[in-house]
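The values are calculated or read from the model by the stated rules, or taken from the named source; none is laboratory data. Keep in mind the model is a prediction, meaning the values are calculated, not measured. No Cβ is skipped: glycine too gets one built from the backbone with ideal geometry, and neighbour counts run over all protein chains shown. Accessible surface areas use protein heavy atoms only, side chains included; no ligands, DNA or RNA. Shrake-Rupley method; radii C 1.70, N 1.55, O 1.52, S 1.80 Å.
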Amino acid sequence: MYHAETYGPPGRRLQVILLDTRYHRSALARFEGKRAGYRPNGDQNATMLGEEQWAWLEERLREPADLRLLVSSIQFVADEHRFEKWGNLYRERRRLERLIRTTDA
């Protein structure tokens, strides 16, 4: 489930975007053996959000807002740990960074 709400008048408009990083996400690659956790998935077709949510997100990011909160249930920047993170699907993390830049969000 993903959702967005916008609050406040122009000049003080807050947009809150909630992402669903599980429903359409491709399987994460696990470490082999006793080491628990995930490793980066090198599959070029792996997705974090699914194409429908990506299209929806682009539309939301093009809406006017003075401040935007983009909420993800897993860490976006951190790469140091072996648990769920956007870095496990590196191509998707770069895609979100590009989308934020190209929409001027």
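Around the Cα centre of the chain, unit charges on the Cβ atoms of Lys, Arg, Asp and Glu (plus for the first two, minus for the last two) sum to a dipole of about 400 debye.
Given a cut-off of under 8 Å on Cα pairs at least six residues apart, what relative contact order in percent is computed for the chain?
Numbers: 162 pairs, mean separation 32.3, N = 105.
It comes to 31 percent, rounded to a whole number.
Its Cα centre serving as origin, the range 38-89 has a Cβ charge dipole (Lys and Arg +1, Asp and Glu -1) of approximately 200 debye. Each residue of the range 80-92 is assigned a 3J(HN,Hα), and the resulting list reads 6, 9, 10, 9, 4, 6, 4, x, 5, 10, 3, 4, 6 Hz, derived from the Karplus form 6.51 cos²θ - 1.76 cosθ + 1.60 (θ = phi - 60°), x at Gly and Pro. Computed from label points 7 Å out along Cα-Cβ, the spacing between Arg13 and Arg101 is 2.5 nm. Computed over neighbours whose Cβ is under 14 Å from that of Arg94, the net charge equals +3, Lys and Arg +1, Asp and Glu -1.
Considering the zone a paramagnetic label at Ser73 would reach in this model (a point 7 Å from Cα along the Cα-to-Cβ line), which residues of the range 14-31 have amide N under 11 Å from it? Backbone N within reach: 19-25. Based on protein heavy atoms only, the range 20-105 ends up with 65 Å² per residue of surface accessible to a 1.4 Å probe. Surface composition of the chain: carbon and sulfur atoms hold 52% of the protein heavy-atom accessible area at a 1.4 Å probe. With the cut-off at under 17 Å, measuring from each backbone N in the range 7-45 to a point 7 Å along the Cα-to-Cβ line of Glu80 picks out no residue. Evaluated at q = 0.14, 0.25, 0.27, 0.28 Å⁻¹, a Debye calculation over the C-alpha positions of the range 1-43 (equal weights, vacuum) places log10 I(q)/I(0) at -0.57, -0.89, -0.95, -0.97. Along the axis of the charge dipole computed for the chain (Cβ charges of +1 for Lys and Arg, -1 for Asp and Glu, origin at the Cα centre), the listed residues Gly8, Trp54, Val77 are led at the positive end by Val77. The convex hull defined by the C-alpha atoms of the chain has an orientation-averaged projected area of 7.0 nm².
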